[in-house]
Amino acid sequence: MKNIFFVEEKKTWLKCLSKYVKPGKIVEFGCGSGFVLEVLSMDFADSIIVGVDKSMERLEKVVEKGLKNVILVKADITQNIFPDGTFDTALFVGSLHEVFSETFIKIGRDSP
């Protein structure tokens, strides 16, 4: 069972984050099972929201939520998958550390 306090605390934190989100085309890289997408979908009902994750299992959990203004993309967020300027806002709420780590792993492999 999820800790109700934690879920509500996280929703409150995301509501604060929402004031920095520009309506229109919004993407969340590393969307997981869609907790952030749910909040964005409610707060930005007239926007197009894209969730990107490399796990089909997690994306299927998002589908189960039935979010009407959310489009899902199965992709590796460490790759350049969208042209510059595609989105008005890009979020890496729970995944920036993954991109950072992957980048340094690649740099280490490519170094002489």
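Do the conditions hold for VAL36, that is, is it within 10 Å of the chain's Cα centre (by Cα), under 16 Å from GLY94 (Cα atoms) and in a helix (DSSP H, G or I)?
Criteria met by VAL36.
Let me spell it out: the conditions are (1) assigned to a loop (DSSP other than H, G, I, E, B); (2) touching a residue at least 40 places away in the same chain (Cβ under 8 Å), and GLY85 meets all of them except one. Which number is the exception?
(2)
Just one of (1) in a helix (DSSP H, G or I); (2) modelled with pLDDT of 95 or more trips up CYS16, so point out which.
Single failed check for CYS16: (2).
Of a type in the set (D, E, K, R), exposed (fewer than 15 other Cβ atoms within 10 Å of the Cβ), at pLDDT 95 or above and not in a loop (DSSP other than H, G, I, E, B), is that true of GLU57?
Spelling it out, GLU57 is indeed of a type in the set (D, E, K, R), exposed (fewer than 15 other Cβ atoms within 10 Å of the Cβ), at pLDDT 95 or above and not in a loop (DSSP other than H, G, I, E, B).
Can you tell me how many residues in segment 60-71 are over 21 Å from LYS11 (Cβ atoms) and crowded, with 17+ Cβ neighbours inside 10 Å?
Of the residues in that region, 0 qualify.
Would you please name the residue that is farthest from THR86 (Cα to Cα), looking only at residues in segment 16-46 that are surrounded by fewer than 20 Cβ atoms within 10 Å (Cβ to Cβ) and among the small types (Gly, Ala, Ser)?
Among those residues, the one meeting the criterion is SER33.
The values are calculated or read from the model by the stated rules, or taken from the named source; none is laboratory data. A quick note: this is a predicted structure, and the numbers were derived from the prediction, not measured. Heads up, the Cβs are rebuilt from the backbone with ideal geometry, glycines too, and the neighbour counts pull from every protein chain shown.
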